[in-house]
Amino acid sequence: MIGIVTVNWNAYEITVKFAEQLLENNLQNFTLVIVNNSPEEDTAFDQTPLCYDPKIQLIHAGANLGYSGGLNLGIKTLMQQPEVRQFLLMNNDVEFDKDFLQRMSLEGNDSNTIYSPVVMLRDTVLVQNTGGAVHLWLGGAMNLNKNVPIERIRKRKPDFLSGCILFMERPVVEKVGFFDEIYGSYWEDVDYCYRAKRLGIRLEVLWDVTANHFHSYSTKGNSDYKSYLLNRNQILFAKKHLTLLPRILFSTMAIVRGFIQAILTGRMGSYFQGVKEGFGIDSSAGIY
């Protein structure tokens, strides 16, 4: 059985549409855990008949746990169900074909690999990402094949796979553990993949499987919050994963690049808050 986790934050209607897609999928051997990070939407979910389908497990977090915290709550729930042998972690703003689950289940069956499909920009023929690369001299990460037409895609090995869609067998989850909740949202996927690779787990893109994604739907109306998270979390990542000289280079370039972007976008307050907290938080306090 496939155990699927999605996290809701201020996106009730999107999450319901996501669940409806799954219930119409050709492969029905799955269970979906919806982790609701929006207490103000508890009643709406409780009054939705779809949420009482036997394939759906609804969990009210009681607060915004961030994407990583919401994923962890869902993963912990599924880990208690031994019949769940495959894990699919998905943003709620993803669209996919009716054979998507079947193809992911059949092709993503190696117990020492994390998989992702080719993630497309919704309503376009352009790729959003095929994973990403971390660049020391840029002080950040970039999506591979971003905005490239799918017929011109270049197959490159990624440094990480997007947390938008991650697929893995139970042994991978048992080996790597949970997401580091210190990140909240953004960079939690990079961190997870780095930890996995250090344990000998491979990262693979399923090049003939696609899904469509509405990028950053949850934070689309709060760019200051996104700016804060990105500037904070890239520094947290560097502190945790990079040795001294690469960490200095990466952090310096991240600060410079973030400063320029903050000037151009008028988000100096969120930028400074993110940088300050990035250097002030103990990055060894993550959850494993």
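The values are calculated or read from the model by the stated rules, or taken from the named source; none is laboratory data. Computed from a predicted structure; not experimentally measured. Positions of Cβ are generated from backbone atoms using ideal geometry, with glycine treated the same way; all protein chains shown enter the neighbour counts.
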Selected residue [crowded, with 18+ Cβ neighbours inside 10 Å, closer than 25 Å to Tyr192 by Cα and out of contact with any Lys or Arg (no Cβ under 8 Å at 6 or more places or on another chain)] from Leu71, Leu32: Leu71
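Okay, residues lined up against (1) over 20 Å from the mean Cα position of the chain (by Cα); (2) surrounded by fewer than 16 Cβ atoms within 10 Å (Cβ to Cβ):
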| position | (1), (2) |
| --- | --- |
| Asn37 | no, no |
| Phe45 | yes, no |
| Leu65 | no, no |
| Pro82 | yes, yes |
| Asp93 | no, no |
Residue satisfying all of: in segment 246-288; under 23 Å from Gly69 (Cβ atoms) and in a loop (DSSP other than H, G, I, E, B); modelled with the lowest pLDDT among these: Tyr288
Segment 94-114 residues that are farther than 14 Å from Gln21 by Cβ, paired with ones that are assigned to a strand (DSSP E or B) and of a type in the set (Phe, Trp, Tyr) (beta carbon under 7 Å, 6 or more apart): Gly108/Tyr115; Gly108/Phe167
